Amino acid sequence: MEKLKMLGKIKYLYFENKNIIRYLKEIEGKKDNSIEDIMISYDFQAGSYTEAYKREPKLKEYFCSCLAKIINNLEDYDSILEVGVGEGTTLGPLLKKLKKKIIKCYGFDISWSRIKYANKFLNEIGINNVYLFCGDLFSTPLKDNSIDIVYTCHSIEPNGGREKEALKELYRITNKYLILLEPSYEFASEEARKRMEYHGYVTNLYKTAKESGYDVIEHRLFGVSQNPLNPTGLIIIRKNHEEKKFEKSIQHPICCPVTKTDLIKKNSVYFSNESFLAYPIVEGIPCLLLQNSIVATKFLD
């Protein structure tokens, strides 16, 4: 939390195009990127992805068309979630390209400001059926087997060394398919590999998925990348059909990130009667990170 006292200085570093995550990491002499470092860096970047999309939408539209083609070939599904949704510049165009109209659409990001921009962007392109909230990839506020298709788009990327934790959590919330569009270390050039290692990116997603016993039905280069030194790989994991599936009677998959139990909405707060934690809703955006929680044992009194 000491780093939060430095936000004024970090603002100037951002405007000087400095690598914020690397700067914050070097302060503590750490090799890996922390969740706090990632959150601060991404929050300062908010707005830049929307601007990039508007300047040159063709590459992103093509990227989303390729992803839509993959999803359209999967079995029936009723819900979809983008983990690390950013400003919605992938989720929005993707939803327009899917053959099936999905009623239950979700997205979360660790950055509040990115969700703010995502809400604005989705509204501008006529998408109004997406539920967005703040959440942590490693402690998602979602119930087991609650989303038919869960996908990522370079959102696990900065969490090198935590591949097993990330996959375990994403597999938990997935009901049918987990689609990973992440840096492909296996198919990358030597130069690209060194760059991934330098930035602390994930390098063992496929190996970890196989060692964890997940049913990997496809693994290849995705074929569309914004940066040749950060090639996008595709990994599709099918959820074990013998495991208990999401009960359709449960209407809302959102839950307390600590207890994974239902939340009660009251005014501008979500409250867990099991953990006694309250989570604020800021400008309509639920803040469901553990760091956002308030101990409120008498909230319902």
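The values are calculated or read from the model by the stated rules, or taken from the named source; none is laboratory data. Treat the numbers as computed from the prediction; the structure is a model and nothing was measured. Because the Cβ atoms are built from the backbone with ideal geometry, glycine has one as well, and the counts that use them run over all protein chains shown.
Worth a mention:
- Near pairs, Cβ below 8 angstrom, 6+ apart or cross-chain, from the stretch 272-301 (assigned by TED's automatic domain parsing to the domain that holds Asp262 and within 13 Å of Thr259 (Cα to Cα)) to any residue that is buried (at least 19 other Cβ atoms within 10 Å of the Cβ) and among the β-branched types (Val, Ile, Thr): Leu288/Ile254; Leu289/Ile110
- Residue check: Leu300 meets all listed conditions (1) touching a Phe, Trp or Tyr at 6+ places or on another chain (Cβ under 9 Å); (2) at pLDDT 95 or above; (3) not polar (S, T, N, Q) but one, namely (2).
- Yes/no for Asn119 being in a helix (DSSP H, G or I), of a type outside the set (Lys, Arg) and closer than 25 Å to Gly284 by Cα: yes
- Among the residues of the stretch 26-70, the ones that are of a type in the set (S, T, N, Q), assigned to a helix (DSSP H, G or I) and within 26 Å of Ser139 (Cα to Cα) come to 2 in all.
- Filtered residue count, the stretch 74-99, keeping only those that are at pLDDT 95 or above, in a loop (DSSP other than H, G, I, E, B), out of contact with any His (no Cβ under 8 Å at 6 or more places or on another chain) and not hydrophobic (A, V, I, L, M, F, W, C): 5
- Residue in the stretch 185-204 that is assigned to a helix (DSSP H, G or I) and buried (at least 23 other Cβ atoms within 10 Å of the Cβ) present: no
- Residue list for the stretch 135-172, restricted to those being among the hydroxyl-bearing types (Ser, Thr, Tyr) and in contact with a Pro (Cβ under 6 Å, 6 or more places away or on another chain): Ser139, Ser146
- Qualifying residue in the stretch 55-66 (condition: at pLDDT 90 or above, among the hydroxyl-bearing types (Ser, Thr, Tyr), surrounded by fewer than 18 Cβ atoms within 10 Å (Cβ to Cβ) and out of contact with any His (no Cβ under 8 Å at 6 or more places or on another chain)): yes
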